[in-house]
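I have placed the structure first, in the form of C-alpha coordinates, so that the comments after it can refer back to it.
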Amino acid sequence: MNTTISSLEKKHFPVMLSEVIQTCLASNKDQVILDCTFGGGGYCKELLKHPNFKVIALDRDKAAVKRANDIKKNFPTKFTFYNEKFSNLDKVVKKENKLDIIIFDLGLSTFQLQDYSRGFSFKSDKKIDMQMGLSTISAEDVINKMDEKNLKLIIKILGDEKEAGKIAKNIIKARAIKKINTVTELVGIIEASKKKNYNKRINVCTKTFQALRIFVNKETTELIEGLIKASQLIRSGGKIIVISFHSIEDKIIKYYFTNYSSNKSNPSRYMPIENNQKNSFFEKYKNNFLTPGPEELIKNPASRSAKLRQAIRTKQKFIYPKDLKEKFQKYINIENVEI
Ligand SMILES: C[S@@+](CC[C@H](N)C(=O)[O-])C[C@H]1O[C@@H](n2cnc3c(N)ncnc32)[C@H](O)[C@@H]1O
(Lines give C-alpha, C1' and ligand atoms only; values in the text may rest on other atoms or scores of the structure.)
Protein backbone atom coordinates (compact mmCIF):
# COMPACT_ATOMS: atom_id res chain seq x y z
CA MET A 1 0.00 0.00 0.00
CA ASN A 2 1.49 3.40 -0.85
CA THR A 3 1.88 6.14 1.74
CA THR A 4 -0.84 8.39 0.33
CA ILE A 5 -3.47 5.69 0.64
CA SER A 6 -2.37 4.58 4.10
CA SER A 7 -2.45 8.14 5.43
CA LEU A 8 -5.98 8.48 4.02
CA GLU A 9 -6.93 5.18 5.60
CA LYS A 10 -6.04 6.60 9.02
CA LYS A 11 -8.53 9.41 8.50
CA HIS A 12 -11.27 7.11 7.18
CA PHE A 13 -13.99 6.93 9.83
CA PRO A 14 -16.90 4.76 8.69
CA VAL A 15 -19.98 6.75 9.69
CA MET A 16 -22.12 5.27 12.50
CA LEU A 17 -20.08 2.06 12.40
CA SER A 18 -21.10 0.84 15.86
CA GLU A 19 -24.81 1.46 15.15
CA VAL A 20 -24.56 -0.52 11.88
CA ILE A 21 -22.68 -3.41 13.51
CA GLN A 22 -25.08 -3.53 16.49
CA THR A 23 -28.02 -3.75 14.09
CA CYS A 24 -26.35 -6.63 12.25
CA LEU A 25 -25.50 -8.40 15.52
CA ALA A 26 -29.11 -8.29 16.71
CA SER A 27 -29.51 -11.82 15.36
CA ASN A 28 -27.03 -14.54 16.29
CA LYS A 29 -27.78 -16.71 13.27
CA ASP A 30 -25.67 -17.07 10.11
CA GLN A 31 -26.25 -13.94 8.03
CA VAL A 32 -25.66 -12.89 4.46
CA ILE A 33 -25.07 -9.15 4.36
CA LEU A 34 -25.00 -7.01 1.22
CA ASP A 35 -23.00 -3.78 1.57
CA CYS A 36 -24.09 -1.72 -1.45
CA THR A 37 -21.52 1.02 -0.79
CA PHE A 38 -18.19 -0.66 0.02
CA GLY A 39 -16.14 2.62 0.00
CA GLY A 40 -13.11 2.13 2.23
CA GLY A 41 -14.46 -1.24 3.37
CA GLY A 42 -14.93 0.07 6.92
CA TYR A 43 -18.19 -1.81 7.54
CA CYS A 44 -17.07 -4.92 5.63
CA LYS A 45 -13.85 -5.34 7.63
CA GLU A 46 -15.77 -5.16 10.90
CA LEU A 47 -18.59 -7.46 9.73
CA LEU A 48 -16.17 -10.10 8.43
CA LYS A 49 -14.65 -10.47 11.90
CA HIS A 50 -17.91 -12.14 12.90
CA PRO A 51 -17.73 -15.91 12.27
CA ASN A 52 -21.40 -16.17 11.26
CA PHE A 53 -21.42 -13.43 8.63
CA LYS A 54 -20.84 -13.63 4.89
CA VAL A 55 -20.52 -10.31 3.07
CA ILE A 56 -21.23 -9.37 -0.54
CA ALA A 57 -20.18 -5.81 -1.41
CA LEU A 58 -20.65 -3.42 -4.32
CA ASP A 59 -19.12 -0.12 -5.26
CA ARG A 60 -19.32 1.81 -8.52
CA ASP A 61 -15.82 3.22 -7.98
CA LYS A 62 -12.98 1.38 -9.75
CA ALA A 63 -10.60 2.66 -7.09
CA ALA A 64 -12.46 0.49 -4.54
CA VAL A 65 -11.47 -2.74 -6.36
CA LYS A 66 -7.93 -2.82 -4.96
CA ARG A 67 -9.16 -2.25 -1.41
CA ALA A 68 -11.73 -5.03 -1.87
CA ASN A 69 -9.10 -7.42 -3.27
CA ASP A 70 -6.95 -6.83 -0.19
CA ILE A 71 -9.86 -7.88 2.04
CA LYS A 72 -10.63 -10.87 -0.20
CA LYS A 73 -7.11 -12.22 0.46
CA ASN A 74 -7.98 -12.59 4.15
CA PHE A 75 -11.55 -13.83 3.67
CA PRO A 76 -11.61 -15.76 0.38
CA THR A 77 -14.80 -17.71 1.10
CA LYS A 78 -16.73 -15.15 3.15
CA PHE A 79 -16.36 -12.04 0.97
CA THR A 80 -17.34 -11.22 -2.61
CA PHE A 81 -17.03 -7.84 -4.33
CA TYR A 82 -18.54 -6.42 -7.52
CA ASN A 83 -17.60 -3.15 -9.22
CA GLU A 84 -21.22 -2.27 -9.97
CA LYS A 85 -23.85 0.41 -9.33
CA PHE A 86 -26.47 -0.51 -6.77
CA SER A 87 -29.24 0.29 -9.25
CA ASN A 88 -28.00 -2.95 -10.89
CA LEU A 89 -27.75 -4.99 -7.74
CA ASP A 90 -30.15 -7.59 -9.14
CA LYS A 91 -27.58 -8.32 -11.87
CA VAL A 92 -25.04 -9.58 -9.36
CA VAL A 93 -27.16 -10.79 -6.46
CA LYS A 94 -29.98 -13.26 -6.87
CA LYS A 95 -32.93 -14.02 -4.64
CA GLU A 96 -31.35 -17.42 -3.86
CA ASN A 97 -28.66 -15.52 -1.93
CA LYS A 98 -31.32 -15.00 0.78
CA LEU A 99 -30.00 -11.66 1.94
CA ASP A 100 -30.53 -10.97 5.63
CA ILE A 101 -29.28 -7.37 5.69
CA ILE A 102 -28.74 -4.79 2.96
CA ILE A 103 -26.76 -1.63 3.79
CA PHE A 104 -26.54 1.66 1.89
CA ASP A 105 -24.10 4.29 3.24
CA LEU A 106 -24.73 7.00 0.69
CA GLY A 107 -22.51 9.73 -0.72
CA LEU A 108 -18.76 9.99 -1.11
CA SER A 109 -15.99 8.10 0.64
CA THR A 110 -13.07 9.89 2.29
CA PHE A 111 -10.88 8.38 -0.42
CA GLN A 112 -12.91 10.05 -3.17
CA LEU A 113 -13.09 13.40 -1.41
CA GLN A 114 -9.40 13.52 -0.59
CA ASP A 115 -8.19 12.43 -4.02
CA TYR A 116 -8.02 15.92 -5.55
CA SER A 117 -7.68 14.52 -9.08
CA ARG A 118 -11.35 13.47 -8.79
CA GLY A 119 -12.45 17.10 -8.35
CA PHE A 120 -14.98 16.52 -5.52
CA SER A 121 -13.28 18.84 -3.02
CA PHE A 122 -13.34 22.66 -3.15
CA LYS A 123 -9.66 22.48 -2.20
CA SER A 124 -8.72 20.72 -5.43
CA ASP A 125 -6.94 22.64 -8.18
CA LYS A 126 -7.56 19.83 -10.68
CA LYS A 127 -10.20 19.05 -13.31
CA ILE A 128 -13.86 19.39 -12.22
CA ASP A 129 -14.60 15.71 -12.71
CA MET A 130 -16.89 14.43 -9.88
CA GLN A 131 -17.53 10.99 -11.38
CA MET A 132 -17.93 8.34 -8.69
CA GLY A 133 -17.48 5.62 -11.29
CA LEU A 134 -19.54 4.03 -14.08
CA SER A 135 -20.89 7.51 -14.88
CA THR A 136 -21.29 8.75 -18.44
CA ILE A 137 -20.55 12.47 -18.01
CA SER A 138 -18.25 14.63 -15.92
CA ALA A 139 -19.00 17.87 -14.08
CA GLU A 140 -16.65 19.56 -16.54
CA ASP A 141 -19.09 18.65 -19.36
CA VAL A 142 -21.99 20.05 -17.36
CA ILE A 143 -20.24 23.32 -16.51
CA ASN A 144 -18.99 23.93 -20.03
CA LYS A 145 -21.85 22.59 -22.18
CA MET A 146 -25.21 22.80 -20.42
CA ASP A 147 -27.55 25.71 -21.23
CA GLU A 148 -28.20 28.37 -18.60
CA LYS A 149 -31.80 27.39 -17.87
CA ASN A 150 -30.97 23.76 -17.07
CA LEU A 151 -27.80 24.68 -15.19
CA LYS A 152 -29.84 26.97 -12.96
CA LEU A 153 -32.49 24.24 -12.47
CA ILE A 154 -29.91 21.65 -11.42
CA ILE A 155 -28.16 23.97 -8.97
CA LYS A 156 -31.49 25.16 -7.53
CA ILE A 157 -33.29 21.81 -7.19
CA LEU A 158 -30.46 19.34 -6.53
CA GLY A 159 -28.42 21.79 -4.43
CA ASP A 160 -31.27 23.81 -2.87
CA GLU A 161 -29.18 26.89 -3.74
CA LYS A 162 -31.10 30.18 -3.55
CA GLU A 163 -28.61 32.02 -5.73
CA ALA A 164 -28.66 29.39 -8.48
CA GLY A 165 -29.68 31.94 -11.14
CA LYS A 166 -26.72 34.20 -10.50
CA ILE A 167 -24.26 31.30 -10.32
CA ALA A 168 -25.54 29.81 -13.61
CA LYS A 169 -25.37 33.22 -15.33
CA ASN A 170 -21.79 33.79 -14.17
CA ILE A 171 -20.72 30.31 -15.31
CA ILE A 172 -22.10 31.03 -18.79
CA LYS A 173 -20.33 34.44 -18.85
CA ALA A 174 -17.00 32.94 -17.75
CA ARG A 175 -17.03 30.07 -20.24
CA ALA A 176 -17.85 32.46 -23.11
CA ILE A 177 -14.38 33.95 -22.47
CA LYS A 178 -12.51 30.71 -21.74
CA LYS A 179 -13.36 27.07 -21.00
CA ILE A 180 -13.68 26.44 -17.24
CA ASN A 181 -11.06 23.77 -16.57
CA THR A 182 -10.34 23.54 -12.87
CA VAL A 183 -12.13 23.36 -9.55
CA THR A 184 -10.29 26.54 -8.51
CA GLU A 185 -11.83 28.43 -11.44
CA LEU A 186 -15.33 27.17 -10.57
CA VAL A 187 -14.88 28.05 -6.89
CA GLY A 188 -13.90 31.61 -7.94
CA ILE A 189 -17.07 31.98 -10.03
CA ILE A 190 -19.33 30.69 -7.24
CA GLU A 191 -17.67 32.92 -4.61
CA ALA A 192 -18.09 35.98 -6.83
CA SER A 193 -21.77 35.13 -7.36
CA LYS A 194 -22.75 34.72 -3.73
CA LYS A 195 -23.88 37.54 -1.44
CA LYS A 196 -21.34 38.31 1.27
CA ASN A 197 -23.65 37.66 4.24
CA TYR A 198 -23.74 33.93 3.61
CA ASN A 199 -23.98 31.26 6.27
CA LYS A 200 -20.42 31.07 7.61
CA ARG A 201 -20.91 27.49 8.88
CA ILE A 202 -20.95 25.97 5.41
CA ASN A 203 -18.68 26.72 2.48
CA VAL A 204 -20.36 28.90 -0.18
CA CYS A 205 -19.65 26.23 -2.79
CA THR A 206 -21.24 23.33 -0.86
CA LYS A 207 -24.68 23.48 -2.49
CA THR A 208 -23.48 23.93 -6.07
CA PHE A 209 -20.95 21.12 -5.66
CA GLN A 210 -23.64 18.87 -4.16
CA ALA A 211 -25.93 19.60 -7.11
CA LEU A 212 -23.25 18.85 -9.72
CA ARG A 213 -22.22 15.63 -7.98
CA ILE A 214 -25.82 14.40 -7.69
CA PHE A 215 -26.44 15.21 -11.36
CA VAL A 216 -23.24 13.63 -12.71
CA ASN A 217 -23.84 10.40 -10.77
CA LYS A 218 -27.68 10.38 -11.07
CA GLU A 219 -27.79 9.84 -7.33
CA THR A 220 -31.54 10.14 -6.76
CA THR A 221 -32.36 7.73 -9.57
CA GLU A 222 -29.73 5.36 -8.16
CA LEU A 223 -31.22 5.56 -4.67
CA ILE A 224 -34.79 4.94 -5.84
CA GLU A 225 -33.77 1.97 -8.03
CA GLY A 226 -31.45 0.62 -5.32
CA LEU A 227 -34.15 0.73 -2.63
CA ILE A 228 -36.71 -0.92 -4.89
CA LYS A 229 -34.34 -3.75 -5.83
CA ALA A 230 -33.25 -4.19 -2.22
CA SER A 231 -36.85 -4.65 -1.11
CA GLN A 232 -37.34 -7.14 -3.94
CA LEU A 233 -34.28 -9.24 -3.04
CA ILE A 234 -34.15 -9.22 0.74
CA ARG A 235 -35.67 -12.16 2.62
CA SER A 236 -38.75 -11.64 4.75
CA GLY A 237 -37.66 -10.57 8.21
CA GLY A 238 -34.48 -9.09 6.70
CA LYS A 239 -33.40 -5.48 7.30
CA ILE A 240 -32.58 -2.61 4.96
CA ILE A 241 -30.32 -0.01 6.59
CA VAL A 242 -29.75 3.35 4.90
CA ILE A 243 -27.48 6.18 6.00
CA SER A 244 -28.20 9.42 4.19
CA PHE A 245 -26.55 12.84 4.26
CA HIS A 246 -28.92 15.34 2.65
CA SER A 247 -32.60 16.15 2.59
CA ILE A 248 -33.43 14.82 -0.90
CA GLU A 249 -32.09 11.36 0.01
CA ASP A 250 -33.80 11.40 3.38
CA LYS A 251 -37.18 12.42 1.87
CA ILE A 252 -37.05 9.44 -0.50
CA ILE A 253 -36.09 6.90 2.19
CA LYS A 254 -38.63 8.20 4.68
CA TYR A 255 -41.41 8.20 2.07
CA TYR A 256 -40.67 4.63 0.95
CA PHE A 257 -40.32 3.13 4.42
CA THR A 258 -43.41 4.94 5.72
CA ASN A 259 -45.78 4.57 2.80
CA TYR A 260 -44.92 0.95 2.08
CA SER A 261 -45.10 -0.18 5.67
CA SER A 262 -47.89 -1.99 7.47
CA ASN A 263 -49.07 1.24 9.15
CA LYS A 264 -50.20 2.45 5.69
CA SER A 265 -52.92 0.54 3.93
CA ASN A 266 -52.93 2.30 0.57
CA PRO A 267 -49.41 2.79 -0.76
CA SER A 268 -50.25 2.91 -4.46
CA ARG A 269 -53.25 3.79 -6.51
CA TYR A 270 -51.93 1.50 -9.25
CA MET A 271 -52.54 -1.61 -7.21
CA PRO A 272 -55.79 -3.52 -7.21
CA ILE A 273 -57.89 -2.88 -4.11
CA GLU A 274 -57.39 -6.39 -2.70
CA ASN A 275 -53.59 -5.93 -2.91
CA ASN A 276 -53.75 -2.40 -1.55
CA GLN A 277 -55.12 -3.70 1.72
CA LYS A 278 -52.15 -6.00 2.17
CA ASN A 279 -49.31 -4.45 0.26
CA SER A 280 -46.83 -3.50 2.92
CA PHE A 281 -43.22 -4.37 2.20
CA PHE A 282 -42.06 -3.18 5.61
CA GLU A 283 -43.11 -3.72 9.20
CA LYS A 284 -44.68 -0.77 11.01
CA TYR A 285 -42.43 2.24 10.40
CA LYS A 286 -42.67 5.19 12.76
CA ASN A 287 -40.27 7.69 11.19
CA ASN A 288 -37.56 6.64 13.63
CA PHE A 289 -33.96 7.39 12.77
CA LEU A 290 -30.58 7.41 14.52
CA THR A 291 -27.92 10.13 14.33
CA PRO A 292 -24.22 10.00 15.30
CA GLY A 293 -23.48 10.21 19.01
CA PRO A 294 -21.42 13.01 20.65
CA GLU A 295 -18.17 11.01 20.56
CA GLU A 296 -18.43 10.37 16.84
CA LEU A 297 -19.26 14.03 16.19
CA ILE A 298 -16.03 15.07 17.92
CA LYS A 299 -13.93 12.44 16.12
CA ASN A 300 -15.55 12.98 12.73
CA PRO A 301 -17.49 16.28 12.40
CA ALA A 302 -18.31 15.39 8.77
CA SER A 303 -20.76 12.80 10.14
CA ARG A 304 -23.02 15.53 11.57
CA SER A 305 -25.67 15.35 8.84
CA ALA A 306 -25.93 11.53 8.84
CA LYS A 307 -29.31 9.88 9.47
CA LEU A 308 -29.65 6.12 9.80
CA ARG A 309 -33.02 4.63 8.94
CA GLN A 310 -33.87 0.95 8.91
CA ALA A 311 -36.89 -1.06 7.86
CA ILE A 312 -37.75 -4.74 8.26
CA ARG A 313 -39.17 -6.61 5.26
CA THR A 314 -42.50 -8.34 5.72
CA LYS A 315 -43.68 -11.49 3.93
CA GLN A 316 -45.64 -9.38 1.45
CA LYS A 317 -45.11 -10.44 -2.18
CA PHE A 318 -43.14 -7.80 -4.10
CA ILE A 319 -45.24 -5.62 -6.39
CA TYR A 320 -43.35 -2.88 -8.22
CA PRO A 321 -43.81 0.39 -6.24
CA LYS A 322 -44.58 2.70 -9.20
CA ASP A 323 -45.82 5.33 -6.81
CA LEU A 324 -42.32 5.86 -5.36
CA LYS A 325 -40.95 6.86 -8.75
CA GLU A 326 -43.99 9.00 -9.52
CA LYS A 327 -43.60 10.88 -6.24
CA PHE A 328 -39.96 11.79 -6.98
CA GLN A 329 -40.25 12.03 -10.77
CA LYS A 330 -39.11 15.69 -10.62
CA TYR A 331 -35.61 14.62 -9.54
CA ILE A 332 -35.43 11.73 -12.02
CA ASN A 333 -36.37 14.12 -14.85
CA ILE A 334 -33.74 16.65 -13.81
CA GLU A 335 -31.06 13.95 -13.65
CA ASN A 336 -31.95 12.99 -17.20
CA VAL A 337 -31.65 16.47 -18.70
CA GLU A 338 -29.52 16.27 -21.86
CA ILE A 339 -26.37 18.36 -21.99
C1 LIG B 1 -19.80 6.92 2.19
S2 LIG B 1 -18.91 5.80 1.20
C3 LIG B 1 -19.12 4.28 2.03
C4 LIG B 1 -18.12 4.06 3.13
C5 LIG B 1 -18.21 2.65 3.70
N6 LIG B 1 -19.43 2.44 4.44
C7 LIG B 1 -17.04 2.34 4.60
O8 LIG B 1 -17.28 1.88 5.72
O9 LIG B 1 -15.91 2.51 4.21
C10 LIG B 1 -19.97 5.63 -0.18
C11 LIG B 1 -19.43 4.71 -1.27
O12 LIG B 1 -20.56 4.33 -2.06
C13 LIG B 1 -20.24 4.33 -3.41
N14 LIG B 1 -21.46 4.58 -4.15
C15 LIG B 1 -22.19 5.71 -4.18
N16 LIG B 1 -23.25 5.56 -4.98
C17 LIG B 1 -23.19 4.29 -5.45
C18 LIG B 1 -24.01 3.53 -6.33
N19 LIG B 1 -25.10 4.07 -6.89
N20 LIG B 1 -23.67 2.26 -6.59
C21 LIG B 1 -22.56 1.71 -6.03
N22 LIG B 1 -21.72 2.38 -5.20
C23 LIG B 1 -22.05 3.66 -4.92
C24 LIG B 1 -19.21 5.45 -3.56
O25 LIG B 1 -18.41 5.22 -4.69
C26 LIG B 1 -18.46 5.37 -2.24
O27 LIG B 1 -17.30 4.60 -2.38
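Here are the numbers for the structure shown:
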{"item": "Region 55-71 residues that are closer than 23 Å to residue 25 by Cβ and within 8 Å of the ligand (Cβ to nearest atom), paired with ones that are aromatic (Phe, Trp, Tyr) and part of a helix (DSSP H, G or I) (beta carbon under 9 Å, 6 or more apart)", "result": "58/86"}
{"item": "In region 189-205, residue nearest to the chain's Cα centre (by Cα) [restricted to those that are surrounded by 16 or more Cβ atoms within 10 Å (Cβ to Cβ) and of a type in the set (A, V, I, L, M)]", "result": "204"}
{"item": "Within region 32-41, considering residues that are crowded, with 21+ Cβ neighbours inside 10 Å and more than 15 Å from residue 66 (Cβ to Cβ), the one nearest to the ligand (Cβ to nearest atom)", "result": "37"}
{"item": "Any chance residue 127 is on the phi < 0 side of the Ramachandran plot, modelled with pLDDT of 95 or more and of a type outside the set (Ser, Thr, Tyr)", "result": "yes"}
{"item": "Pick from region 265-323, criterion among the aliphatic types (A, V, I, L, M) and part of a loop (DSSP other than H, G, I, E, B), ranking: modelled with the highest pLDDT", "result": "306"}
{"item": "Region 151-188, residues that are surrounded by fewer than 16 Cβ atoms within 10 Å (Cβ to Cβ), more than 21 Å from residue 338 (Cα to Cα) and of a type outside the set (A, V, I, L, M)", "result": "162, 178, 182, 184, 188"}
{"item": "Lone qualifier among 192, 211 - being without any contact (Cβ under 8 Å) to a residue 60 or more places away in the chain, part of a helix (DSSP H, G or I) and under 15 Å from residue 137 (Cα atoms)", "result": "211"}
{"item": "Region 10-31, residues that are away from the ligand (no atom under 11 Å from the Cβ) and not in a helix (DSSP H, G or I)", "result": "26, 27, 28, 29, 30, 31"}
{"item": "Residues that are part of a helix (DSSP H, G or I) and under 21 Å from residue 19 (Cβ atoms), drawn from region 232-250", "result": "247, 249, 250"}
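The values are calculated or read from the model by the stated rules, or taken from the named source; none is laboratory data. Given the structure is predicted, the values throughout are model-derived calculations rather than measurements. Heads up, the Cβs are rebuilt from the backbone with ideal geometry, glycines too, and the neighbour counts pull from every protein chain shown.
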